[in-house]
Every structure is written in structure tokens, then in C-alpha cells.
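Asker: Attaching a single structure in C-alpha cells format; questions to follow.
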Amino acid sequence: MLANPNAMAFYPTQIFFHLLPFQTAFELHYVLHCVFSGIAVFLLGLTLGLHPHAAFFSAMLFNFSGATLSLVNLANILPIVTYLPLLTWVLLKNLQRFSLIRIAGASLLFGFFFLLLEPVSILAVALFLIPTAIGFYGLNSGPKVPLCQAIGIFVLIGASGFFLAAVQFAPTWELIENSGRKWG
């Protein structure tokens, strides 16, 4: 089971299945991701300069959009709805002003995201984050870190998140290497 990324063995919400009745843990996985996605969109809206009412409205629209609601029945895909705004928010906050605590928090969140081991989603989020960060950096007139430092922060956060998720990657990679399906 450890090598199967769909089992989500190291994903943080798995702790609920060890502490709570199955039904409660199962429901908490979905509810917490929906709540956190709303909070993340709200915080992202504030970071982008929206009025708090507009940021709240954005969060509601995001949480109750067809795209979000269509993923609520997919345990390993729903978290991506949460991570897209959350990773965007922490990345933009680090581009405004970084600290070791912010970098560590962002690395941990990227590590949780990489634990999902969903390659298409990882690519889609990267294709969203990179131009968003470039646009924010280029268009934001507020405080921001120097460009070389921004690139270093981006690489450091991504790489450290990837290495934190190696606890899932390593067994999965070994399974792939020893699988009869390796060659198609």
C-alpha cells in the first residue's frame, strides 16, 4: 500500500483514520479540503489587493463552482483544488517578503502537495504558478524581494517540497521499476 500513491499513505489527513471512526475520518478529509480551499482563496484575494468582501465572494465562488464540486468525490484529486490557491498564496507572500518560517511553511505545503503524486495535476499547478509568479512579480508595485532572490526562493521551495515527499516517491518509483507494466 505504501507504494500506491492512491492509498495516500503519508498524506496528512490519513492520521484521522487512525484516531477517529472511519466515517468521520472520511468526511473530514473532504470537508477540511473544502474549508481550506475557501480560506486559501480568501487569503489569496487579500494578497492580490481585493477588498475583504470581494475576497470572501471569490472564495464562495471558487468553493461552489462546478469545477470544485465535480471533484468532491475524488479523494486524491480534491486536494488539488485546495493546493492551487494555497500554493499560489504562499508563493506570492514569499515573493513580497520572505522569511525562513515562510519558506519552511511553503516547503511543507509543497511537500504535502507532492505526496498526492498526481503527475497531470502537478504539471497543471506548475503551469499556473510559474506565469502567476512572473506576472505578480512584474506587475506588483508593492514590496518584493530582488529577482535573483525570488528565483532562488521559488527553486528552494519546490525542491525542498519535492524532497519532503520523497518518502512517497521512493516506494512508488521502486514499484514502477519492478512492475510488469513498466514497458507499456
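The values are calculated or read from the model by the stated rules, or taken from the named source; none is laboratory data. Being a predicted model, the structure only gives us computed values, none of them experimental. Ideal geometry is used to build each Cβ from the backbone, glycine not excepted, and the neighbour counts take in all protein chains shown. The area values use the complete protein model at the heavy-atom level, side chains included, leaving out ligands, DNA and RNA. Shrake-Rupley method; radii C 1.70, N 1.55, O 1.52, S 1.80 Å.
Asker: In nm, give the distance between the simple-model label positions of Phe163 and Leu175, each being 7 Å from the Cα along the Cα-to-Cβ direction.
Answerer: So the two model labels end up 2.5 nm from each other.
Asker: Kindly sort Cys148, Cys34 by accessible area of their heavy atoms, largest first, with the probe set to 1.4 Å.
Answerer: Numbers: Cys148 115, Cys34 35 Å².
So, going from the largest accessible area down, we get Cys148, Cys34.
Asker: While we're on this one: Whenever you get a sec, line up Thr24, Thr47 from highest to lowest accessible area (probe 1.4 Å, protein heavy atoms).
Answerer: Numbers: Thr24 60, Thr47 20 Å².
Result, largest first: Thr24, Thr47.
Asker: At a 1.4 Å probe radius, carbon and sulfur cover how many percent of the accessible area of region 33-114?
Answerer: Details: 3080 of 3850 Å².
Accessible surface attributable to carbon and sulfur in region 33-114 totals 80 percent.
Asker: Projected onto the charge dipole of the chain (+1 at Lys/Arg Cβ, -1 at Asp/Glu Cβ, origin at the Cα centre), which of Ala166, Leu91, Cys34 gives the Cα projection farthest towards the positive end?
Answerer: Farthest towards the positive pole: Leu91.
Asker: Still on this structure: For region 72-127, take the convex hull of the Cα atoms, compute a quarter of its surface area, and give me that in nm², please. Don't skip to the end; give the middle numbers.
Answerer: On the way: hull surface 15.2 nm².
Taking the Cα atoms of region 72-127, their convex hull projects to 3.8 nm² on average.
Asker: Keeping every protein chain in place, order Phe36, Phe110, Phe62 by accessible area at 1.4 Å, biggest value first, i.e. largest first.
Answerer: Numbers: Phe36 105, Phe110 20, Phe62 55 Å².
Largest accessible area first, the list is Phe36, Phe62, Phe110.
Asker: Let me ask another. Please compute, for the alpha-carbon atoms of the chain, the extent along each of the three principal axes and give them in descending order in Å.
Answerer: Each principal axis gives a Cα extent; for the chain these are 53, 36, 32 Å.
Asker: What angle, in degrees between 0 and 90 and rounded to the nearest 10, separates the Cα long axis of helix 78-96 from the longest principal axis of the Cα atoms of the chain?
Answerer: With both axes taken from Cα atoms, the answer is about 40 degrees.
Asker: Express the accessible area of region 53-184 per residue in Å², computed with a 1.4 Å probe while the remaining protein chains stay in the model.
Answerer: Working: 7390 Å² over 132 residues.
Per-residue value: 56 Å².
Asker: Give me the distance between the Cα centres of region 69-84 and region 147-184, rounded to whole Å.
Answerer: 21 Å
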